[in-house]
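Heads up, the thing below is written out as structure tokens.
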Number of protein chains: 2
Amino acid sequence: MRALLFDVFGTCVDWRTSVRRELGARGLPEALADEWRALYQPQLETVRSGAREWVNLDVLHREALDRLLAGRGLTVADPDELTRAWHRLDPWPDTVPGLSALKRDFIIAPCSNGHIAQSVNLAKHAGLPWDAILGAEIAHAYKPHPDVYLRSAGALGLRPREVTMVAAHNGDLAAARSVGMATAFVPRPAEHGPGQTTDLEPEDDWDVVAGDFEELARRLGPRTRPASAPPRP
Amino acid sequence: MRALLFDVFGTCVDWRTSVRRELGARGLPEALADEWRALYQPQLETVRSGAREWVNLDVLHREALDRLLAGRGLTVADPDELTRAWHRLDPWPDTVPGLSALKRDFIIAPCSNGHIAQSVNLAKHAGLPWDAILGAEIAHAYKPHPDVYLRSAGALGLRPREVTMVAAHNGDLAAARSVGMATAFVPRPAEHGPGQTTDLEPEDDWDVVAGDFEELARRLGPRTRPASAPPRP
């Protein structure tokens with residue numbers, strides 16, 4: 001295993017708390033955060049189905065915002081600036097220390113539906129120490145399309161089995177496993193707020209299940225494993 | 001100015017010393033390093049001219065190595081492993097401290113003819129703290145083709161004038177300026193060894209000329225500039 005690829009929204013960053021805060025600061029209802037996110041998968045589906053050419057998340061997020069605001073008869077002074085709230089999401093407390101430890105032993109990169117500019121700005125905001133920015137934009141496709149995983153591994157010159165996909169979402173891991181990647185599940189039970197009912201537990205025999213990124217680093221990192229432990233597979 | 005893009009071979013890393021060492025360690029003539037590099041521009045030209053589809057530098061470096069070894073009747077046990085010497089080049093002494101300082105204020109990324117895997121491996125080897133990996137592979141073209149510069153800025157969501165190209169080669173800066181980027185010249189007078197005759201001086205009125213990356217950071221970084229200094233252009 002040479003590299004770890006990470007889902008970002010929900011897995012690395014707490015998009016809900018961050019977007020609610022940005023909405024509230026503009027006098028908009030914080031509940032719009034969940035509605036904004038709920039429009040996301042149907043939007044991606046228009047690209048995945050081929051009904052629409054690949055466009056980046058700024059375009060999709062802006063369209064969804066316009067629709068939500070219009071539906072409530074609301075306006076905002078600078079909708080593009082609010083759309084870039086998705087470039088300013090805070091990490092979970094374990095994200096940066098966990099990634100920093102994993103980076104000592106592995107190549108780490110996002111394999112997100114975010115585009116390169118969004119991923120770079122988010123990494124600068126949240127302190128995510130990526131070695132490269134991979135994912136949807138280099139494939140011009142959206143997860144769970146297999147090309148997103150395959151092109152991300154390919155860009156690193158690696159075969160899928162040399163890569164572990166890390167995500168808080170069972171569906172993402174199922175797609176990564178289907179192209180031959182190893183899988184690590186890190187649940188984020190607060191991603192969707194107090195009433196979350198999905199992705200609370202692993203739904204398959206993922207190769208690793210860890211409570212957070214620091215535990216993931218302890219489980220995977222040879223430098224922190226006891227000398228008597230068996231070699232990594 | 002939001003981002004700095006960097007040439008890598010020669011500008012960030014001392015390819016010649018590193019490749020000579022790898023050749024010598026295998027009992028091969030160290031002088032092959034210069035011959036290996038000399039084949040590089042003619043190889044790139046076959047792609048730039050359209051005579052050949054885009055292939056990555058591992059392919060080009062391996063072909064050149066085979067040609068050089070055959071020409072001297074030499075062989076090497078693992079030519080692919082020796083080809084990856086170009087993934088293990090040492091930085092100039094000022095490179096990592098300079099990039100680390102610049103990263104605090106700007107997005108920093110390579111805009112190199114190296115591909116993503118080579119650039120990532122090189123960054124891990126040399127400790128180059130890139131925010132993203134841009135350059136030839138995302139454009140499927142080789143510098144000085146304008147697409148390499150334009151697509152690298154575009155991937156960051158930036159206009160060319162929001163980006164400064166940093167290079168030790170006047171030709172690279174001329175190409176970057178032609179698409180509207182700002183330019184910074186950092187000479188590397190030892191890149192080609194003791195007899196270097198090219199790129200010793202700026203050959204145009206580049207926006208910045210700095211002796212090394214630490215001086216570049218002092219010149220560009222608002223956090224280290226005196227309070228009385230004029231605002232950055």
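Summary table
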{"item": "Members of region A:38-52 found to be charged (D, E, K, R) and farther than 13 Å from A:ALA136 by Cβ, listed by number", "result": "A:GLU45, A:ARG52"}
{"item": "Residue in region A:79-87 that is closer than 23 Å to A:ALA123 by Cα, in contact with a strand residue (DSSP E or B) (Cβ under 9 Å, 6 or more places away or on another chain) and within 14 Å of another protein chain (Cβ to nearest Cβ) present", "result": "yes"}
{"item": "Flag for B:ARG67 being open to solvent by 50 Å² or more (accessible area, probe 1.4 Å) and touching a Ser or Thr at 6+ places or on another chain (Cβ under 6 Å)", "result": "no"}
{"item": "Identity of the residue in region A:8-27, touching a Lys or Arg at 6+ places or on another chain (Cβ under 9 Å) and open to solvent by 10 Å² or more (accessible area, probe 1.4 Å), that ends up farthest from the other protein chains (Cβ to nearest Cβ)", "result": "A:ARG16"}
{"item": "Which listed residue, of B:ILE116, B:ILE138, B:ILE133, is within 27 Å of B:VAL179 (Cβ to Cβ), touching a strand residue (DSSP E or B) at 6+ places or on another chain (Cβ under 7 Å) and within 12 Å of chain A (Cβ to nearest Cβ)", "result": "B:ILE133"}
{"item": "Any chance A:PRO202 is over 25 Å from A:TRP54 (Cβ atoms), at pLDDT 95 or above and within 12 Å of another protein chain (Cβ to nearest Cβ)", "result": "no"}
{"item": "Of the criteria (1) within 24 Å of A:ALA51 (Cα to Cα); (2) more than 14 Å from chain B (Cβ to nearest Cβ), which one A:LEU173 fails", "result": "(1)"}
{"item": "Candidate set from region A:143-152 (those that are crowded, with 23+ Cβ neighbours inside 10 Å and more than 10 Å from every other protein chain (Cβ to nearest Cβ)); member that is nearest to A:ARG48 (Cα to Cα)", "result": "A:LYS143"}
{"item": "Every residue from region A:107-143 that is aliphatic (A, V, I, L, M) and farther than 18 Å from B:TRP130 by Cα", "result": "A:ALA136, A:ALA139, A:ALA141"}
{"item": "Test for A:ALA126: is it away from every other protein chain (no Cβ under 11 Å), touching an Asp or Glu at 6+ places or on another chain (Cβ under 9 Å), closer than 26 Å to A:ARG159 by Cα and surrounded by fewer than 23 Cβ atoms within 10 Å (Cβ to Cβ)", "result": "no"}
{"item": "Counted residues, region B:178-208 - those being open to solvent by 60 Å² or more (accessible area, probe 1.4 Å) and not in a loop (DSSP other than H, G, I, E, B)", "result": "1"}
{"item": "Output for region A:23-37, where each listed residue is within 20 Å of the chain's Cα centre (by Cα) and either of a type in the set (Lys, Arg) or at pLDDT below 95 (or both)", "result": "A:ARG37"}
{"item": "Verdict on B:SER178 being modelled with pLDDT of 95 or more and touching a Gly at 6+ places or on another chain (Cβ under 8 Å)", "result": "no"}
{"item": "Checking B:THR83 against (1) of a type in the set (S, T, N, Q); (2) open to solvent by 60 Å² or more (accessible area, probe 1.4 Å); (3) modelled with pLDDT of 95 or more, the condition it does not meet", "result": "(2)"}
{"item": "Residue list for region A:209-226, restricted to those being of a type in the set (D, E, K, R) and part of a helix (DSSP H, G or I)", "result": "A:GLU214, A:GLU215, A:ARG218, A:ARG219, A:ARG223"}
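Yes/no matrix, rows are residues, columns are (1) touching an Asp or Glu at 6+ places or on another chain (Cβ under 9 Å); (2) farther than 30 Å from A:LEU122 by Cα:
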| site | (1), (2) |
| --- | --- |
| B:ALA184 | yes, no |
| B:ARG188 | yes, yes |
| B:HIS192 | yes, yes |
| B:TRP206 | no, yes |
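The values are calculated or read from the model by the stated rules, or taken from the named source; none is laboratory data. In this text, all values refer to a predicted model and were calculated from it rather than measured experimentally. Virtual Cβ from ideal backbone geometry, glycine too; neighbours counted across all protein chains shown. Areas reflect the complete protein model, heavy atoms only, side chains present, ligands, DNA and RNA absent. Shrake-Rupley method; radii C 1.70, N 1.55, O 1.52, S 1.80 Å.
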